[in-house]
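The values are calculated or read from the model by the stated rules, or taken from the named source; none is laboratory data. Just so we're clear, the structure is a prediction, and the values are computed from it rather than from any experiment. No Cβ is skipped: glycine too gets one built from the backbone with ideal geometry, and neighbour counts run over all protein chains shown.
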Amino acid sequence: RGTFVHLPLLNDTSAKAEIVRNQGVLGYDWQVNDDASFQSFLSSQGWTTSDVTVVESNDDRNEFFFPGFIDTHIHAPQYPNEGLFGSSGLLDWLNEYTFPVEASFGSKSDPENKDSDPKDTPPEGVRVYNEVVQKTLAHGTTCASYFATIHVPATNALAALCHKHGQRAFIGRVCMDNKEQCPSYYVDQDAEQGFNATIRTIDYIHTLDPNGTLINPIVTPRFAPSCSNESLDGLGKLAASYEPPLWIQTHIAETTDEVDLVQQLFPESTSYADVYDKANLLTNRTILAHGVHLTKDEMSLIRERGSKVAHCPASNSGLGSGLAPIRYMLDQGVTVGLGTDVAGGYSPSILEVARQASLVSRLIQFSAEYQQLTGNTTFDGSEKLLYQDVLYLATRGGAAVVDMAEDIGGFDKGMIWDAQLIELGAVQNSTTGQLDVATLAGRAVETGPVGNVDLFGNETWQEQIQKWMWNGDDRNVKSVWVQGKLVHTRDE
Ligand code: GUN
Ligand code: FE
């Protein structure tokens, strides 16, 4: 609010804007290119030129604006373990890699985990959290839903760092009180202590950002096996006791071993989703990570409750968890966004996750589980997620997951400016291999392609976007804004 952004690239080539809009990748509604209409728009808002920031993209460098990415599932403390998973599957990986790194975020002076002050976070923890927020911003992530650890000071420190760096974020203190399933060195004392600790993070975050403009708490039972029934029930009640109710996030049906374990631990429940439903944890403000092995009935229940799914294909392939049936889930009416699931996922980049989502969808026809779920053995290709689909999930899909579809994830009139400026780079002349100065408006340009995206000048707009989707990375992210504020500028 108070910030208005002028989008000359999209304006003066309205064909581009239309094409993108029709594909559902990008919305675009403002016509402010000529000065008169821009001025009349300003006065219709009661603004003057000094109330607004005008940002421009450079056609010669093949720049364009894109909605900021939304990472609907990421574990900030696991960032140091990125790319480290060996051959382990989920449950081994948690014990071998994940719990040890998360435990290191505990306050050294407070083994009982009673502190709240972010200053009691170990320095290495602050360094990791600082890095993960800046790194995800540099990859164009303007909004993230974070799992922290069981520790209150470190969870509060993560919230403070997101606030400081200007990233929109949901911050969850992880609840895990099942002593049989959690290591003795990393577990809540009991359900009650877990509630109290969680409330201290909620209070801190509400004080930090009373209107929840940027930062919001999120109730975070790790997953069913980590939690007692008392803890799951209590956390459902805790979330519902706020007005509006608090957000909730957890994991569901990530691996078949985990599904079997949940059936053993919760014999009274009819399904994994039913465990959460019985505890009132399936709400319209609940983000469920993975859902790789959900049944059709569970998908229906999730849709009825209005809960959302975070699809984390880089993690699912890395840990060998399975192939999530995303097209099928979308067809069942479930809302889906993308998640890096760092460090089950090896990369902090949602663009990388978008690629993996497309790849998984192209292979899923060969999965016996998918054939059984759908009742088909032959497929017509509609199960594949194309570049438009995965970029949609990365933006508008994620926005729907965090219930902000009206506000972020696109450039519709009146939306909040959570955006990234993407630079693909100058075009190479196809015969000489030199930079084509004719396209550079006579200006000296030192570099040609940016990163791995290499344009030859004959690409359509859709082809440029595809090249970016498959080969782009943080080198192409020139600037990032959240809530109209510049929060990242690429080093030149
Ligand atoms: N299930 C329970 N905890 C975790 C976690 O940290 N990462 C993933 N990917 N799955 C989980
Ligand atoms: Fe996860």
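Okay, residues lined up against (1) surrounded by fewer than 20 Cβ atoms within 10 Å (Cβ to Cβ); (2) within 24 Å of the chain's Cα centre (by Cα):
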| residue | (1), (2) |
| --- | --- |
| His165 | yes, yes |
| Ile171 | no, yes |
| Cys175 | no, yes |
| Asp188 | no, no |
| Ala197 | no, no |
| Arg200 | yes, no |
| Ile205 | no, yes |
| Asn211 | yes, yes |
| Asn216 | no, yes |
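Strands (runs of 3 or more DSSP E) wholly in the stretch 54-152 with at least 3 residues that are in contact with a strand residue (DSSP E or B) (Cβ under 9 Å, 6 or more places away or on another chain) and modelled with pLDDT under 95 - which ones?
Working: elements: 63-67, 69-75, 141-147.
So the answer is 63-67.
Go through the stretch 362-415 and tell me which helices (runs of 4 or more DSSP H), entirely inside it, have 2 or more residues that are surrounded by fewer than 22 Cβ atoms within 10 Å (Cβ to Cβ).
On the way: elements: 368-374, 387-392, 398-401.
Because the criterion is at least 2 residues that are surrounded by fewer than 22 Cβ atoms within 10 Å (Cβ to Cβ), the helices (runs of 4 or more DSSP H) in the stretch 362-415 that meet it are 368-374, 387-392.
Among Ala324, Ala253, Ala310, which is under 30 Å from Asp203 (Cβ atoms), within 15 Å of ligand 1 (Cβ to nearest atom) and small (Gly, Ala, Ser)?
Numbers: Ala324 fails: under 30 Å from Asp203 (Cβ atoms); Ala253 fails: under 30 Å from Asp203 (Cβ atoms).
From the options Ala324, Ala253, Ala310, the qualifying one is Ala310.
Among the residues of the stretch 245-271, how many are more than 16 Å from ligand 2 (Cβ to nearest atom), of a type outside the set (A, V, I, L, M) and touching a residue at least 24 places away in the same chain (Cβ under 8 Å)?
Total satisfying the criteria: 4.
Tally up the residues in the stretch 297-314 that are closer than 14 Å to Val336 by Cα and buried (at least 21 other Cβ atoms within 10 Å of the Cβ), please.
Number of matching residues: 9.
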